[in-house]
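Let me begin by presenting the structure, written as structure tokens, before commenting on it.
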Amino acid sequence: MAGITVAILGAVIGALLFPVNAPLSLRTPTPEQTYTSEIVTFDDPQTVQVSLKIGADVPLSSLLGGRLTRSDCIEGAAISSGSSPLSIDGQALLALNTSMPLWRNLVFGDTGPDVIALRQSLIALGIEIPSEGSVDSKLIASVSALLSGFESSRTRLTEIPFERIVWIPEQNVLLNKCLLHVGEIIEPGSNFASIQGQLLAVHIVDYPITPLLGLRFLEVMGVQVELDENSSSVNDAALEAIRNSPEYKSAISATDKFEAVRPGIIRLITPQKLTAVSPVTLFGIEEKTACVKSNASIYKVTIVGSKFGQTFINPVSDKEAIPRVLTVPTGQESCK
């Protein structure tokens, strides 16, 4: 009797440990695993390398000759329009950013593009004078007042001597090298310093191929600018924005060699609506194409990008829409 009990107990334990699979016809069907898709907006961010083309160093010259009695030149420092970087024989020279360098003494009644350029330069400094007109007493007095700020005695000009003006190509320039020392005798036209060359062009190296078309922003050197349409370059307004960015100014004035290739990001100005799906629902992936399945139907899609565990897709055919509920493929499906 005891032997029979032991045998029955052993059979029960064996059945629990090693269950016998039921025939296929009697098994409960395993439900397909499903995921829900959703519509999202996507600006297609792409990491890129950005090339910044810098021009050659620009020399700053003194048109006045004599002994250098003062120099405010400091390598890496800035010179601003309206400041005085040096004095020759005790006479201050005035740095001005004019649209064209002054090339003659301007006397009462003179007219011309150089007079207009001088007026516009002074207006940019906040001096209230008319933007047009000939040389008059107010224009001469305005230049005298600027120079007087850098000399021990008041400057009283009867004309505007062009050799007292140092032309600079921008409102603010960064000194790259100082070439003279106080006490030196210099000839008219001598270079006393040089400034870092201007930013001439910005373009993307190896522009990425992406299925999403549209105008794009470029984020580089701490600023966001628009790329030219159908181009990997930027326009003059964007160049100016980059030149004026604190990050660019800091990099260009650093003592280390300027890195001409910088990391950047491009993204769509107008984000596009895409379908976001779980990556496990994709099968038959080949480069930028794949398929998804909903019940028994299969849809060909273009893979646009991914973010935060989601894959963004578009239907290959404009006549189809991605279903809301997708089923995980079994591995037997064909994506053709």
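The values are calculated or read from the model by the stated rules, or taken from the named source; none is laboratory data. This one's a predicted model, so the numbers in the text were calculated from it and none came from an experiment. Note that each Cβ is placed from the backbone with ideal geometry, even for glycine, and that neighbours are counted across all protein chains shown.
Okay, here's what the table says:
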quantity	calculated
Pairs with Cβ under 6 Å, 6+ apart, first in the range 60-82 and within 22 Å of Gly189 (Cβ to Cβ), second of a type in the set (S, T, N, Q)	Ser61/Asn191; Ser62/Ser190; Thr69/Ser87; Arg70/Ser87; Ser81/Asn97; Ser81/Gln171
Unique residue being touching a Pro at 6+ places or on another chain (Cβ under 9 Å) and not β-branched (Val, Ile, Thr) when the list is Arg119, Arg67, Arg104	Arg119
Matching residues, the range 97-120, being crowded, with 20+ Cβ neighbours inside 10 Å and among the hydroxyl-bearing types (Ser, Thr, Tyr)	Thr98
Residue identified as β-branched (Val, Ile, Thr), in contact with a Cys (Cβ under 8 Å, 6 or more places away or on another chain) and within 26 Å of Leu213 (Cβ to Cβ) among Val277, Val292, Val301	Val301
Failed item in (1) in contact (Cβ under 8 Å) with a residue 60 or more places away in the chain; (2) buried (at least 18 other Cβ atoms within 10 Å of the Cβ); (3) in contact with a helix residue (DSSP H, G or I) (Cβ under 7 Å, 6 or more places away or on another chain), with Thr327 passing the rest	(3)
Only listed residue being in a loop (DSSP other than H, G, I, E, B) and touching a helix residue (DSSP H, G or I) at 6+ places or on another chain (Cβ under 9 Å), chosen from Glu151, Glu170	Glu170
Hits in the range 123-144 - residues which are small (Gly, Ala, Ser) and over 18 Å from Ser80 (Cα atoms)	Ser131, Gly133, Ser134, Ser137, Ala141
Residue identified as at pLDDT below 95 and within 18 Å of Thr69 (Cβ to Cβ) among Ser153, Ser232, Ser194	Ser153
Residue match in the range 229-246 (condition: basic (Lys, Arg) and loosely packed, with under 13 Cβ neighbours inside 10 Å)	no
In the range 37-79, residue nearest to Ser250 (Cα to Cα) [restricted to those that are assigned to a loop (DSSP other than H, G, I, E, B) and touching a Phe, Trp or Tyr at 6+ places or on another chain (Cβ under 9 Å)]	Cys73
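Conditions tested, residue by residue: (1) under 18 Å from Phe42 (Cα atoms); (2) at pLDDT 90 or above; (3) assigned to a loop (DSSP other than H, G, I, E, B).
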residue: Pro211; (1), (2), (3): yes, no, yes
residue: Gly214; (1), (2), (3): yes, no, yes
residue: Glu219; (1), (2), (3): yes, yes, no
residue: Phe258; (1), (2), (3): no, no, yes
residue: Lys293; (1), (2), (3): no, no, no
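Residues checked against (1) closer than 24 Å to Val202 by Cβ; (2) touching a residue at least 40 places away in the same chain (Cβ under 8 Å); (3) assigned by TED's automatic domain parsing to the domain that holds Val205:
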{"site": "Ser233", "(1), (2), (3)": "yes, no, yes"}
{"site": "Pro279", "(1), (2), (3)": "no, no, no"}
{"site": "Glu287", "(1), (2), (3)": "no, no, no"}
{"site": "Ala296", "(1), (2), (3)": "no, no, no"}
{"site": "Tyr299", "(1), (2), (3)": "no, no, no"}
{"site": "Thr311", "(1), (2), (3)": "no, no, no"}
{"site": "Asp318", "(1), (2), (3)": "no, no, no"}
{"site": "Pro323", "(1), (2), (3)": "no, yes, no"}
